[in-house]
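Enquirer: Please read through the structure below; I'll follow up with questions.
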Amino acid sequence: MSDVVNAFLLVYAGLFPIVNPIGGAPIFLGLTRQCSDEERSVIARRVAINGFLLLLGSMIIGSHLLEFFGITLPVVRIAGGLVVTAFAWRMLHSGDEVDHGSVPLQPQGLGEAFYPLTMPLTVGPGSISVAIALGSQRPWGATFDVVRFALVGGAAVLGLAAIAVSIYVAYRFAERIMAVLGPTGTNVLVRLSAFILLCIGIEIVWTGYAGLTGAGGG
């Protein structure tokens, strides 16, 4: 049971800081400002579904594609962990003010639900690389256990579903969330998420190192 809980928490905690739906909410709000509240709700739901499918595909087949090109899973873990660590370090040392840039696009319908709202705003290259690295974390043990595989895999999918729900809630209620948090609250949330992400990135790097060298840990 601990493996199931750990799988859920690893996926959710590993992806939430880098997907960062709270941080993306102001941009989403700006891009959909000309939409009605009902239209914004539909777009938020589609972005959440698209993000779920992108992350699920990356987690399931991403590492296998890399293996097809001759890249071993420990190397994938180290590379993915370094990406996560570098991203988290940049978030920790970024300026206090969140610069969301200009808002050049106003969606006229649902055509922008995938681009740019899902990718790259919500699920970008960083999120995809993290999903691949997390997908390579399969502690099945010495022997393959179908039941354990199903339970741990299902918990990982539930973690992705929780990410999708978080995206929907953050985007659907972006206007209210920004009013409640304010600039200071948003900045604190970003910093805390960055520190958690930094720890997860180091853990992924260590797992990859242990796989390459045969060092202990698990």
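Enquirer: Those residues that are surrounded by fewer than 20 Cβ atoms within 10 Å (Cβ to Cβ), within 16 Å of the chain's Cα centre (by Cα) and touching a residue at least 24 places away in the same chain (Cβ under 8 Å), I need them from segment 35-60; list them, please.
Expert: I49, L56, I60
Enquirer: Being part of a helix (DSSP H, G or I), in contact with a Gly (Cβ under 8 Å, 6 or more places away or on another chain), surrounded by fewer than 17 Cβ atoms within 10 Å (Cβ to Cβ) and hydrophobic (A, V, I, L, M, F, W, C) is true for just one of A170, A210. Which residue is that?
Expert: A210
Enquirer: So Q137 clears everything in (1) crowded, with 20+ Cβ neighbours inside 10 Å; (2) modelled with pLDDT under 75; (3) in a helix (DSSP H, G or I) except one condition, right? Which one?
Expert: The single condition Q137 does not satisfy is (3).
Enquirer: Give segment 34-53 a look and list any residue that's farther than 15 Å from P116 by Cα and out of contact with any helix residue (DSSP H, G or I) (no Cβ under 6 Å at 6 or more places or on another chain), or say none.
Expert: Q34, C35, S36, D37, E38, E39, V42, L53
Enquirer: Of (1) free of Cβ contacts under 8 Å to residues at least 24 places away in the same chain; (2) closer than 30 Å to V4 by Cα, A156 satisfies all except one. Which?
Expert: (1)
Enquirer: Let me ask something else. Quickly run through segment 62-114 and pick out the residues that are under 21 Å from Y171 (Cα atoms) and modelled with pLDDT of 80 or more.
Expert: Scanning segment 62-114 gives A113, F114.
Enquirer: For segment 8-18, indicate whether the set of residues that are surrounded by fewer than 14 Cβ atoms within 10 Å (Cβ to Cβ), in contact (Cβ under 8 Å) with a residue 12 or more places away in the chain, closer than 23 Å to G153 by Cβ and not charged (D, E, K, R) is non-empty.
Expert: Yes - at least one qualifying residue is present in segment 8-18.
Enquirer: Out of everything in segment 179-207 that is of a type in the set (A, V, I, L, M) and surrounded by 17 or more Cβ atoms within 10 Å (Cβ to Cβ), what residue ends up being modelled with the lowest pLDDT?
Expert: Here the residue is V190.
Enquirer: Under 7 Å by Cβ, and 6 or more places apart or on different chains, what pairs join a residue from segment 166-193 that is in contact (Cβ under 8 Å) with a residue 40 or more places away in the chain with one that is surrounded by 15 or more Cβ atoms within 10 Å (Cβ to Cβ) and outside any helix (DSSP H, G or I)?
Expert: Pairs that qualify, where the first residue is in contact (Cβ under 8 Å) with a residue 40 or more places away in the chain and the partner is surrounded by 15 or more Cβ atoms within 10 Å (Cβ to Cβ) and outside any helix (DSSP H, G or I), are S193/N20.
Enquirer: Scan segment 1-60 for residues that are among the charged types (D, E, K, R) and over 18 Å from A133 (Cα atoms) and jot them down.
Expert: The answer is R33, D37, E38, E39, R40, R45, R46.
Enquirer: If I filter segment 67-93 down to residues being over 14 Å from the mean Cα position of the chain (by Cα) and surrounded by 18 or more Cβ atoms within 10 Å (Cβ to Cβ), which single residue comes out as nearest to F149 (Cα to Cα)?
Expert: Applying the filter and picking the extreme gives L73.
Enquirer: Test A156 against the criterion of being over 16 Å from L10 (Cβ atoms) and crowded, with 16+ Cβ neighbours inside 10 Å, and give yes or no.
Expert: When the stated conditions are applied, A156 does not pass them.
Enquirer: I would also like to ask the following. Restricting to segment 1-58, give me the number of residues that are outside any helix (DSSP H, G or I) and either of a type in the set (F, W, Y) or touching an Asp or Glu at 6+ places or on another chain (Cβ under 8 Å) (or both).
Expert: 1
The values are calculated or read from the model by the stated rules, or taken from the named source; none is laboratory data. These numbers come from a predicted model, not from an experiment. For neighbour counting, all protein chains shown are included, and Cβ atoms are generated from backbone atoms with ideal geometry for every residue, glycine included.
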